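*Asks:* Below you'll find the structure I mean.
Derivation of every value follows stated rules applied to the coordinates shown; laboratory data play no part. All figures in this text were calculated on a predicted structure; none of them were measured in a lab. Here the Cβ is made from the backbone with ideal geometry for all residues, glycine too, and neighbour counts use every protein chain on show.
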Amino acid sequence: MEAHTDRFKETARRELKNEMSQIFLSLLPPGFTILRQIGMSSFPDPVSAVDQARAIRAEVIERMPELLEEFEKNAVSKGATVLWARDAGEANNIILEIARKRSVTYVTKGKSMITEEIGLNEHLIKEGVDAFETDLGEVITQQLSLPPFHIVGPAINVPPEEISAVFLKKGIIKEPTTNPIELGKAVRVYLREKFRHLDMGIVGVNMAVAATGTIINVENEGNIRMTKSSPRTLVAVMSLEKVVPTMADAMHMVRILCRNCTGQKISSYVSMDTGPKKPGEIDGPEELFIVIVDNGRSEIFRDSKTREVLKCIRCGGCLNTCPVYSKIGGYPYGFAYSGPMGQVLNPLLLGIKETSDLYHACTLCGACKEICPAGVDHPSLLLIYRAREVSLKGKDGKALPFIEKTIATFVSLGMSRAWLWNLGAKIMRPVLHRLSHDGYIRNIPFGVQGWFTCRDLPAMPAKTFHEIWTERKHSPVTTSRKT
Amino acid sequence: MHAREEILGRMKSAQPGKALIRPSTQPLSELSLSREQMIQRFTAELSTQTGVVHQASTREEAVKILTEIAAAEGLRSVIATGYNIYGMGLRAFGEANHITVNTLDDLPDREALREIAFTADAGITFADFAIAETGTVGIIFNRHQPRLASIAPPVHIAIIPIEGLYPVYEGAIEKVFSNADDIPSQFSFITGPSATGDIQAVQFKGMHGPLKMIVIFIMGQG
């Protein structure tokens, strides 16, 4: 998909004033977090269950090439065709060719983040193959050309009036309605005919099991099972990191994924396909293509500092716990992936220069890292991106302004020496005090104005904690004791 | 160079990571459930997803339950995976209740199956497994078990012999995947009807798949 990561600030400002977005942001992330906690509490020991999931993902990213080869070997031995694509363009063309060779006029699609990343729908439609998203939320975002608001509920914030209007225009409904269930049922009826006469389906992959060559899809709506069952030709698109070692690992990850994603203990459907249909079977695909997409990931893998991004299982748990996402929603991140997941993924997929606002829009509070069932250390990654940005600027001859560099040098000197820090605080207090209003510093007239475009600094109090502590030691406060 | 070799080559040129040890885990508490408790758990979990669970002590009782369901749901035509699912005699059931029963024996090809599956009032299928952990039904799809019968019609009725009841997913997975030469083309876990909450977080059942799910356990002759 077309990236708009450069519009982070303006989109965030707009979304902060968007009433509908704000209503859902006040309900959804805390709601999902509570459901997640209830779901996780069904494990005899939730902490060790998360540790186990993190260990599985850690093993995957250490053994990835070997696991992918094993997966390929087993999938091929079961009759699947495995195709590799270096980048978005290659993946899109492989899939278009499959459709063209079979004179397919349309495909239905299961929700798949990798196909959003590579812009598969746009490519197919441009080349004359109609692509129908079938997940209800994705149907709406496709019709309205919106990026996903939330990875689990991509259109959950869209007002029913807007959905009704676009459905009327596209002939999905005959009479306007703002009833969510009526709107949903209309999509059911609309897509049933598409499923019934389908020649080719496209799905993503939640897990690819190396030991058996099995692809696993996790869903609630039944659109993926329809897409996997009805047509003669099935294309499953996966990124490199979807591979897991064994079916036992996959089962643990299914438990973890569902609980962290929607809070469910399991989704309505978990379908596990090993090869195309066998002789004598009446439905299921006659041919199964598995497209393994790199799109920058082998490079990410080679860099031992960034490799751990590939642990991510796209559950969305980090979105729900992030104080920034919970205020601005998914749109500002400008790409298929939003929240902390997008902040660590998008810079590597799209470039450090193009995504600067993403890795700066973070206080490094660490809530994402704490909740992450895959063991991604988001804050450390964001710091790496920030450091890389600075060194990139140096190479471009656009080094940091002298004053910013100087401030950074002084702060880092001071932060590693307590006496220097205390001295600095004493010196800076009167300066900062003059710049503060109502307890906040909203800008300073030198050097680092950029920093203040989306941040305020609390004013320095009259005394530091150390000073108060020292004073107290000299004049202890008497506490009344009741005996 | 081919994409495959290029991608794998780049990854293999990376520094090898450290060897990892898996932490120990506590066994799932469901593993200690008795058969009675497993049935209770299965029923409670599937009920929270609006699924309905029946127990039939004999095949005859199962047919009686099916007849009651057919009347309550107003079924006129069903797709069944066979006339003789677990020896239930569905041809006679259809004739007695004026219900058109189509099975694989009547369907020559994919087109015919799709025609029937997308217009039937219900799909009646055998199911290989029931998992107590989450009230989940496990179905092996093969030449006796078409995929569309359990996903296209608005009602899915699954007949499960009680011997297929396991405490956790792994029980079924080991059976289905342990013999590498005999892995089915598809194995699915089904937990309740299809569902969504994608518009304004309003939850409802019956998005693309069934609106209702009914399980009939056959408890055996004992």
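*Asks:* Residue A:82's amide H: which non-local residues (gap 5+, or another chain) put their own amide H closer than 5 Å, with H modeled 1.01 Å from N in plane and none for Pro or chain starts?
*Replies:* For residue A:82, whose amide H was placed from the backbone, the distant partners under 5 Å are A:290.
*Asks:* Right, another one. Which residues among the stretch B:175-191 fall inside the zone where the amide N is under 20 Å from a point 7 Å beyond the Cα of residue B:35, along Cα→Cβ?
*Replies:* From the stretch B:175-191, the list is B:175.
*Asks:* In whole angstrom, note down how far apart the Cα centers of the stretch B:28-102 and the stretch A:66-90 are.
*Replies:* What the calculation gives is 40 Å, centre to centre.
*Asks:* Checking a compactness column here: for the stretch B:79-222, what do you get for Rg(Cα) / (2.2 N^0.38 Å), N being the number of residues?
*Replies:* Taking N as the residue count of the stretch B:79-222, the ratio is 1.08.
*Asks:* In terms of Cα to Cα distance under 18 Å, which lysines are near enough to residue A:395, apart from those fewer than 8 places away along the same chain?
*Replies:* A:353, A:405
*Asks:* Taking the protein assembly as shown, how much of its Cα-Cα pair set, in percent, is spaced more than 47 angstrom apart?
*Replies:* Everything past 47 Å amounts to 23 percent.
*Asks:* Which whole number gives the average, over all residues in A:75-84, of C-beta atoms from other chains lying within 10 Å of the residue C-beta?
*Replies:* 2
*Asks:* Please report the equivalent ellipsoid semi-axes of the stretch A:293-400, computed as sqrt(5 x eigenvalue) of the Cα gyration tensor, largest first, in whole Å.
*Replies:* So the three semi-axes of the stretch A:293-400 are 21, 17, 13 Å.
*Asks:* Output the Kirkwood hydrodynamic radius of the stretch B:160-222, Cα pairs only, in Å rounded to one decimal.
*Replies:* Radius from the Kirkwood sum: 14.7 Å.
*Asks:* Show me, for the stretch B:172-182, the HN-Hα J-couplings you get by feeding each phi into the Karplus relation (A = 6.51, B = -1.76, C = 1.60, θ = phi - 60°), rounded to Hz, glycine and proline as x.
*Replies:* After applying 6.51 cos²θ - 1.76 cosθ + 1.60, I find 6, 4, 4, 4, 7, 10, 6, 9, 4, 7, 10 Hz.
*Asks:* Using Cβ contacts closer than 10 Å as the measure, can you line up B:35, A:63 from fewest to most?
*Replies:* Ordered from fewest to most neighbouring Cβ atoms within 10 Å, B:35, A:63 come out as B:35, A:63.
*Asks:* Across the residues of A:245-251, average count of Cβ atoms on other protein chains within 10 Å?
*Replies:* Mean shielding count: 4.
*Asks:* Run the quick spin-label model on residue B:112 and residue A:165: label points 7 Å from Cα toward the beta carbon, then report their separation in nm to one decimal.
*Replies:* For the pair residue B:112/residue A:165, the computed spacing is 5.0 nm.
*Asks:* If only Cα atoms are counted, what is the Rg of the stretch A:402-474, and what is its Dmax, in Å?
*Replies:* Cα radius of gyration and Dmax of the stretch A:402-474 are 13.7, 43 Å respectively.
*Asks:* I've got another one for you. Too long at a 21 Å Cα-Cα cut-off: which of A:17/A:111; A:101/A:126; A:109/A:242; A:111/A:242?
*Replies:* Pairs exceeding the cut-off: A:17/A:111.
*Asks:* If you put +1 on each Lys and Arg Cβ and -1 on each Asp and Glu Cβ, how big is the dipole of chain B around its Cα centre, in Debye rounded to 20?
*Replies:* 560
*Asks:* Shifting gears a bit: Of A:113, A:41, A:178, which is farthest along the charge dipole of the stretch A:5-298 in the positive direction, counting Lys and Arg as +1 and Asp and Glu as -1 at C-beta?
*Replies:* A:178
*Asks:* Ok, one more. Once you average over the residues of A:318-327, how many Cβ atoms of partner chains fall within 10 Å of each Cβ?
*Replies:* Taking the mean over all residues of the peptide, I get 0.
*Asks:* What are the ³J(HN,Hα) values, in whole Hz, obtained from phi via the Karplus relation 6.51 cos²θ - 1.76 cosθ + 1.60 with θ = phi - 60°, for each residue of the stretch A:22-34 in sequence order, with x given for Gly and Pro?
*Replies:* Taking θ as phi minus 60°, the curve returns 5, 4, 5, 5, 7, 9, 5, x, x, x, 4, 5, 5 Hz for the stretch A:22-34.
*Asks:* Among B:102, B:34, B:17, whose Cα projects farthest towards the positive end of the dipole of chain B, with charges put on the beta-carbon of Lys, Arg (+1) and Asp, Glu (-1)?
*Replies:* Of the listed residues, the answer is B:17.
*Asks:* Then there is this: Report the label-to-label distance for residue A:179 and residue A:304 in nanometres (one decimal), using points 7 Å from each Cα along the Cα→Cβ vector.
*Replies:* The modelled label-to-label distance comes out at 6.2 nm.
*Asks:* OK, next. Fewest first, what order do A:273, A:456 take by the number of other Cβ atoms within 10 Å?
*Replies:* By the 10 Å Cβ count, ascending: A:456, A:273.
*Asks:* Please order B:169, A:440 by the number of other Cβ within 10 Å, starting at the fewest.
*Replies:* Exposure proxy ranking, most exposed first: A:440, B:169.
*Asks:* Now, a different point. Hey, can you grab everything whose amide H is under 5 Å from the amide H of residue A:135? Only 5+ residues off in sequence or another chain; H modelled, so Pro and N-termini drop out.
*Replies:* Here the answer is A:111, since their amide H atoms fall under 5 Å of that of residue A:135.
*Asks:* Rounded, prolate or oblate: pick one for the stretch A:5-298, where a ≥ b ≥ c are the square roots of the eigenvalues of its C-alpha gyration tensor, a/c under 1.5 means rounded, and failing that, prolate if a/b is larger than b/c, else oblate.
*Replies:* Verdict is oblate for the stretch A:5-298.
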